[in-house]
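Reviewing the structure listed below.
The values are calculated or read from the model by the stated rules, or taken from the named source; none is laboratory data. Note that the structure is predicted; figures quoted are calculated from it, not measured. Neighbour counts are summed over all protein chains in view; Cβ atoms, including those assigned to glycine, are modelled from backbone coordinates with ideal geometry.
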Amino acid sequence: MARATIKDIALAANVSPMTVSNVLNGRRAKASDETVERIMVAVRELGYRPNMSARSLVSNASRMVGVVIPFTETQNQLLLDNPFYAEMISGIESALRQNGYYMMLSGVGESNAQLDTLSHWNMDGLIVLGVYREGLYQHLRELDLPTLLIDSYIDDAHFHHLRLDDEAAAYAATSHLIARGHTGIALVTGVIRTSGVIERRLAGYKRALSEAGIGFDAARVLSGSVTFDWGAEAADRLTQLPGVTAAFCTADLIAAGLLAGLHRLGRRIPEDYSVMGFDNLPVSRMVYPALTTVDQSILEKGKLAGDLIARVLRKEAAPRESTTDVRIVERDSVLDRRPK
């Protein structure tokens with residue numbers, strides 16, 4: 001069956017195609033309520049669906065927002081392998097849909113080929129997660145599209161930013177462990193990159209130790225990748241560190257792996273080692289023991305990102321810098337070692 005057109009709707013409703021176009025595009029001032037009702041009945045009966053490609057050509061707006069996940073670690077090349085991204089993307093898509101936009105999702109490797117493909121799809125704007133000042137950054141700059149960067153510390157007024165205060169969040173997490181009597185605290189993390197999220201969390205960890213009068217030991221910083229496998233591998237190295245009673249993991253995925261690795265080695269959690277995560281992903285409630293973690297409300301953060309880029313595209317007032325809050329969720333993986 002041929003797809004219904006505006007001309008078909010006009011014929012069925014006994015009005016001009018221009019009147020149908022005005023009504024369907026929200027310009028109803030010159031149409032009576034009875035005319036609008038006839039048009040909408042014809043739309044329903046004929047199963048009319050707007051041709052988004054044609055609209056894009058006429059308006060020069062595709063109503064499409066590209067969402068880009070850079071592959072910044074060679075160990076993780078699957079687009080949604082990290083559940084953090086799945087939750088964030090769910091929030092973004094939900095908000096974009098509520099605002100009348102559509103989402104195109106792409107992972108981008110070192111070649112930036114996928115970004116070239118996105119540019120050919122006539123994107124209205126972009127949301128990019130965790131980009132660093134590198135080749136991809138320059139490519140984004142050249143696209144000259146309204147762009148929101150999530151969890152990025154690139155200082156460039158061309159972009160809008162959404163992030164949390166990673167230094168303060170890591171400081172709070174480390175201080176939480178110190179307040180419970182831990183002085184030997186390891187940091188288990190992904191790759192530490194200049195001007196990146198992990199670098200800021202490392203700074204927060206160091207500041208908490210310093211303020212508590214605890215010396216920083218570089219050997220207690222275990223850096224690998226943001227993966228379950230790295231967390232499990234790090235367990236072997238953690239148990240070789242003298243005096244360590246707790247580990248602050250900069251991602252729940254790492255923490256889940258660390259718990260599994262410690263269980264494999266016959267260590268008790270939290271009696272032998274306390275483990276703290278970051279993100280409050282669903283997995284933090286599924287592991288044993290349930291994980292004490294930093295909640296950054298990922299789903300809501302994704303929704304805020306979708307709302308922000310929609311405001312930018314509608315040319316409404318939108319902040320260049322937006323910061324979200326965190327809170328510590330206490331569960332069972334941290335032991336209070338303070339004297340009773």
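Only one of the numbered conditions (1) crowded, with 24+ Cβ neighbours inside 10 Å; (2) of a type in the set (A, V, I, L, M, F, W, C); (3) in the same structural domain as Thr183 (by TED's automatic domain parsing) is violated by Leu262, and that is (1). Scanning the stretch 225-236 for residues that are crowded, with 19+ Cβ neighbours inside 10 Å and in contact (Cβ under 8 Å) with a residue 60 or more places away in the chain gives Ser225, Val226, Thr227, Trp230. Do you know which residues across the stretch 198-224 are surrounded by 15 or more Cβ atoms within 10 Å (Cβ to Cβ), free of Cβ contacts under 8 Å to residues at least 40 places away in the same chain and among the hydroxyl-bearing types (Ser, Thr, Tyr)? The one that is surrounded by 15 or more Cβ atoms within 10 Å (Cβ to Cβ), free of Cβ contacts under 8 Å to residues at least 40 places away in the same chain and among the hydroxyl-bearing types (Ser, Thr, Tyr): Ser223. Taken together, the residues in the stretch 132-153 that are within 20 Å of the chain's Cα centre (by Cα) and either more than 20 Å from Gly302 (Cβ to Cβ) or not assigned by TED's automatic domain parsing to the domain that holds Val312 (or both) amount to 5.
Counting the residues of the stretch 265-280 that are closer than 24 Å to Asp236 by Cβ and surrounded by 15 or more Cβ atoms within 10 Å (Cβ to Cβ) gives 10. Considering (1) more than 27 Å from the chain's Cα centre (by Cα); (2) at pLDDT below 95, the lone condition that Gly243 does not fulfil carries the number (2). Residues of the stretch 286-340 that are among the small types (Gly, Ala, Ser) and not in a helix (DSSP H, G or I): Ala290, Ser297, Ala317, Ala318, Ser322, Ser333.
For the stretch 201-217, the condition of being of a type in the set (Gly, Ala, Ser) and within 18 Å of the chain's Cα centre (by Cα) holds for none of the residues.
Conditions tested, residue by residue: (1) more than 19 Å from Ser333 (Cβ to Cβ); (2) in a loop (DSSP other than H, G, I, E, B); (3) out of contact with any Pro (no Cβ under 6 Å at 6 or more places or on another chain); (4) among the small types (Gly, Ala, Ser).
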{"site": "Leu222", "(1), (2), (3), (4)": "no, no, yes, no"}
{"site": "Ser225", "(1), (2), (3), (4)": "yes, yes, yes, yes"}
{"site": "Ala235", "(1), (2), (3), (4)": "no, no, yes, yes"}
{"site": "Pro242", "(1), (2), (3), (4)": "yes, yes, yes, no"}
{"site": "Gly257", "(1), (2), (3), (4)": "no, no, yes, yes"}
{"site": "Arg268", "(1), (2), (3), (4)": "no, yes, yes, no"}
{"site": "Met276", "(1), (2), (3), (4)": "no, no, yes, no"}
{"site": "Ser284", "(1), (2), (3), (4)": "no, no, yes, yes"}
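In the stretch 298-331, the residue that is surrounded by the fewest Cβ atoms within 10 Å (Cβ to Cβ) out of those that are within 24 Å of Leu145 (Cβ to Cβ) and β-branched (Val, Ile, Thr) is Thr323.
Among the residues of this structure, Asp229 counts as one that is of a type outside the set (S, T, N, Q) and assigned to a helix (DSSP H, G or I).
Can you list the strands (runs of 3 or more DSSP E) lying wholly within the stretch 114-214 that have 3 or more residues being out of contact with any strand residue (DSSP E or B) (no Cβ under 7 Å at 6 or more places or on another chain)? It comes to none. Only residues that are closer than 21 Å to Phe228 by Cβ and surrounded by fewer than 22 Cβ atoms within 10 Å (Cβ to Cβ) were counted in the stretch 162-195, giving 3.
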